[in-house]
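Undergrad: Before I ask anything, here is the structure I am working with.
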Amino acid sequence: MLYIRGDGIGLTQPAKVSQPQLNYMDPRPSVLKSPLQEICFQFIICMAQFLAQGSIAMSLSTMNIVSDSFGALQGKKIEASQTIWFMGLYALTLGTFILVSGRLGDLFGLRKMFLFGWFWAALWCIVTGLSYYSKSTVFFITCRALQGVGFAFILPCGMGILGTVYPPGKRKNLAFAFVGASAPVGATIGVLMAAVVSQLVWWCWAFWLLGIACVLLGVLAIYAIPGKFKHHDYTIKEAYEKFDLCGSVVGICGLILFNFVWNQGPVVGWNSPYIIVLLVVSVALIIGFFYLELKVVKHPLLPREIFTLRIGLVLLCMSLGWGLFGIWQYYYWCFLLNLRGYTPIAASLTYFPLFILGIVAALLVGFCINKRRAPFIVFASMMGFMLGSIILSIIPVNQTFWRLTFAQMFFLAWGMDCSFPAASLILSDFLPSEHQGMAGSLVNTVVNYSVSLFLALSSTVEIQVHEKTHDTLKSYRSAIYLGIGISALAVLTSVVFIITEHRNHKHEAALLELSETAETGETLISEKPQEHKASP
């Protein structure tokens, strides 16, 4: 082909001209030595999200079976207040210990903490199945809590590894989108597999199979996760000195006690002396934690870079939106199992629209997200949460699934599977490389702790309404009304986030224009003496 150049006319190949326009994908990171290792690497991180969500969801499809099993062993009916803990305590420990595990990963190595999480989770999944022989629901719930600790190390360290290995770009966006898409897949497969195993075989095998999966993934992670990438050079002694042990103890104790009070208060009564004392102590510990982090500790557990308005608004949106989702998820299953009389398998099959729509929503975010669009994606996610909960609150008991029950899935899928990758990407880009583990921790802490806390608040409403009306449907809907109010606040917060980001963008653009003008002026001044010398 002929083309014009400075010294005349020559020949070139058209492929070389068009190739830069077609090659829009970032190159594979150098620490991933082959395409196979990158596939295994992405698979392991996605499975972390997959099994974490699946472990939460499996307690929903099996809650009546497990409750009846322990009730038969104990010769009495298990109270609904204990059934809430099947999911609630797992989400509580998952959300609380993530606060610490991300920091441990940043200091001692994300890969080490990631591998530790897989084998710890495997151990307690197996023990959870064996808890049947203890005939104690308290021991079963405790095992679920310790199971959550394992995934508390897996999730943030996996997200931190992802944020460290991939630099900002299209490849990183897609990697986070795949992780976001793993959430609906995990929730759907988790509830279905647990329902099939529990209904047709034995509920203990659901946890034993989960433990076996964790062992296999831990072994695969040894190969797939790069062993040489680092974002620090701390020795063990230096890492220990930089770890905020005091803040960790105060923060974990405060969060656990605060959540416990809201779960136990409706059961024993809010006028019980120990409930009042624990509420005061938990609030004091949480206030003390933030005082230590901001004023006292030299190396705080939470980096002071996160205490900005934009990060605060993102985390508040995630807290309110996912808190509503925890309420929706629990009472959706109560509605199907207890009012419509669905079997666990039949109820699990209703999750498949969420599965398909969630994947589409998460991948769409991966292709579309950038700094300008992220606030609008967060807003749309919060709207999805709110509209889905409104529909659940008005669904008739005897209506077919393919009407309002099916319609709500379109909104919930957008809320759940667009908000998580969007928030993860925002925080990953805002925080420096040495805090990538903390970036993963913050989102997962807020999501999972909010699920547990707001579920406890909704159970308070449910119990109080049921005691007054003795109407199960009305008590369920009252709890969902609380969720609608929470989601409306999430929408309002997302609007504030959009306004704030718009102002920040205008301010950054003005500063960039001023800097370019200043550079142009300096160039002109530096050129004037040369022109003067050249004209005698």
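The values are calculated or read from the model by the stated rules, or taken from the named source; none is laboratory data. Since the structure is predicted, the reported quantities are computational estimates derived from the model, not experimental observations. Here the Cβ is made from the backbone with ideal geometry for all residues, glycine too, and neighbour counts use every protein chain on show. When the accessible area is computed, the model is the full protein with side chains, heavy atoms only, and any ligands, DNA or RNA have been set aside. Shrake-Rupley method; radii C 1.70, N 1.55, O 1.52, S 1.80 Å.
Undergrad: Net charge near Tyr331, counting Lys/Arg +1 and Asp/Glu -1 over other residues with Cβ under 11 Å of its Cβ?
TA: The answer is 0.
Undergrad: How much of Tyr132 can a 1.4 Å solvent probe reach, expressed as accessible area in Å² and rounded to 10?
TA: Estimated to the nearest 10 Å², Tyr132 gives 60 Å².
Undergrad: Over 28 Å between C-alpha atoms is what I'm after, so list which of Lys33/Lys112; Lys77/Lys468; Lys135/Lys474 land there.
TA: Lys135/Lys474
Undergrad: Shifting gears a bit: Could you give the length gained on full extension between Trp205 and Ala407, defined as 0.36 nm per residue of separation minus the Cα-Cα distance, in nm? It would help to have the intermediate numbers written out before the result.
TA: Working: separation 202, 0.36 × 202 = 72.72 nm, distance 3.34 nm.
The Trp205-Ala407 span can extend by a further 69.4 nm.
Undergrad: Run the simple label-point estimate for Arg340 and Val397 please: 7 Å along Cα→C-beta, distance reported in nm.
TA: It works out to 1.4 nm between the two label points.
Undergrad: Measuring from centroid to centroid over Cα atoms, what is the spacing of the stretch 89-144 and the stretch 289-351 in Å?
TA: 18
Undergrad: Further, regarding this structure: Between Ile499 and Gln82, 0.36 nm times their residue separation minus their Cα-Cα distance comes to what?
TA: 145.8 nm
Undergrad: Give, rounded to the nearest 20 debye, the magnitude of the charge dipole that the stretch 209-329 has about its Cα centre when Lys and Arg contribute +1 at Cβ and Asp and Glu contribute -1 at Cβ.
TA: Dipole magnitude for the stretch 209-329 comes out near 180 debye.
Undergrad: Could I ask something else about it? Give the shape of the stretch 257-352 as rounded, prolate or oblate, defined through the alpha-carbon gyration tensor: a ≥ b ≥ c are the square roots of its eigenvalues, a/c under 1.5 means rounded, and otherwise the shape is prolate if a/b is larger than b/c and oblate if not.
TA: Judged from the Cα gyration tensor, the stretch 257-352 comes out oblate (a/c at least 1.5, b/c at or above a/b).
Undergrad: Something else about it: Rounded to the nearest 10 Å², what accessible area does Glu79 show when all protein chains are kept and the probe is 1.4 Å?
TA: Approximately 120 Å² of Glu79 is accessible to the 1.4 Å probe.
Undergrad: Further question on the same structure: What nm distance separates the two modelled labels at Lys295 and Val283, each placed 7 Å from Cα along Cα→Cβ?
TA: Distance between the two pseudo-spin positions: 1.8 nm.
Undergrad: Return the carbon/sulfur percentage of the accessible area of the stretch 162-271, one whole number, probe 1.4 Å, all protein chains in place. Walk me through the intermediate numbers first.
TA: Details: 3430 of 4830 Å².
Ligands and nucleic acids excluded, carbon and sulfur reach 71 percent.
Undergrad: Note the full-extension length gain between Phe367 and Gln37 as 0.36 nm times their separation in residues minus their Cα-Cα distance, in nm to one decimal.
TA: Working it through step by step, the gained length comes to 116.5 nm.
Undergrad: Can you bin the stretch 275-434 into rounded, prolate or oblate? Criterion: square roots of the alpha carbon gyration tensor eigenvalues sorted a ≥ b ≥ c, rounded for a/c under 1.5, prolate for a/b above b/c, oblate for the rest.
TA: Cα axes put the stretch 275-434 in the oblate bin.
Undergrad: What do you reckon, how do Ser34, Ser393 stack up by accessible area (1.4 Å probe), largest on top? Mind dumping the intermediate values first?
TA: Values: Ser34 35, Ser393 5 Å².
The most accessible residue leads, giving Ser34, Ser393.
Undergrad: Just to make sure I understand: if all protein chains stay in place, what is the order of Arg503, Arg28 by accessible area at 1.4 Å, largest first?
TA: Values: Arg503 165, Arg28 90 Å².
Sorted descending by solvent-accessible area, the residues read Arg503, Arg28.
Undergrad: If you place +1 on the Cβ of every Lys and Arg and -1 on the Cβ of every Asp and Glu, how big does the dipole about the Cα centre of the stretch 285-407 come out, in debye to the nearest 20?
TA: In total the dipole reaches around 320 debye.
Undergrad: Given a 1.4 Å probe and the protein chains all in place, what does the accessible area of Asp244 round to, in Å² to the nearest 10?
TA: Surface open to solvent at Asp244 totals about 10 Å².
Undergrad: Net charge within 15 Å of Thr493 by Cβ-Cβ distance, Lys/Arg positive one each and Asp/Glu negative one each, not counting Thr493 itself?
TA: The answer is 0.
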